[in-house]
Amino acid sequence: MFRDIAEWLANSPAREFSAGLLSSIPGLPPILQTVHLLSIVAIMASIVLIDLRILGLAVPSQQLDEMIVRLRAWTVWGVIGAIISGILFVLARPNRYLLNPVFQIKFILLIGVLILTVCFYRWSAKNPFSHEPGNNIGIAKGVAVVSLLMWIVVVMAGRWIAYSEYLFWPG
């Protein structure tokens, strides 16, 4: 699947446009990388705070429902920024990314954790949290642990993309 998409993108006008943009505007690649990293920081800060609050490990004075509402925008805008900045690099060099096994791991986990995050935000809007008997906090704690682990692996895989040859030696 990734090979077919990489081949199609390598011959597409989108690749030419993106590669031309990155090579013709001085300083654009490091600016986009900075936007990508800052977007990841926004995502991780908001998600980690919420997950740690759910697990009872951070900000006990903050109401969880209020925190989720307040930090949701940071998550959403972080995801938008990371996708836009990341897509330009993938389009410019589709084979480098799409044929890289570490990128594939990152991409698959990213799709999964984005779905989990959207479902969690929707679920939390309909099911207020409390620490009283019969509450939803048990489900939320399980989701928080899975979310934390998945986001950490996504970020680690993103960093390891450039070093995949150390993980997967060419045959």
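Here are the numbers:
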{"quantity": "Residue order, fewest to most surrounding Cβ atoms within 10 angstrom, among Ile43, Ile50", "calculated": "Ile43, Ile50"}
{"quantity": "GNM result for the chain, Cα springs below 10 Å: residue of Leu88, Leu28, Leu116 fluctuating most strongly", "calculated": "Leu28"}
{"quantity": "DSSP H segments from the chain that extend 20 Å or more along their own axis, Cα-based, with Kyte-Doolittle mean of 1.6 or above", "calculated": "28-54, 137-160"}
{"quantity": "Alpha-carbon centroids, the range 5-60 and the range 138-164: separation in whole Å", "calculated": "15"}
{"quantity": "Relative packing of peptides 53-60, 34-41 - highest average C-beta neighbours within 10 Å first", "calculated": "34-41, 53-60"}
{"quantity": "Expected 222 nm ellipticity per residue - DSSP helices of 4 or more, -39500 (n - 2.57), all of the chain, to 500", "calculated": "-26500 deg cm²/dmol"}
{"quantity": "Inter-probe distance in nm under a simple model that places probes 7 Å from Cα toward Cβ, at Ile115 and Leu99", "calculated": "2.8"}
{"quantity": "Sites Ser24 and Lys126, calculated FRET efficiency, Cβ-Cβ separation with R0 41 Å, nearest 0.05", "calculated": "0.30"}
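Just so you know, all these numbers are worked out from the coordinates, no wet-lab data involved. Note that the coordinates shown come from a computational prediction; the quantities given were computed from them, not determined experimentally. Because the Cβ atoms are built from the backbone with ideal geometry, glycine has one as well, and the counts that use them run over all protein chains shown.
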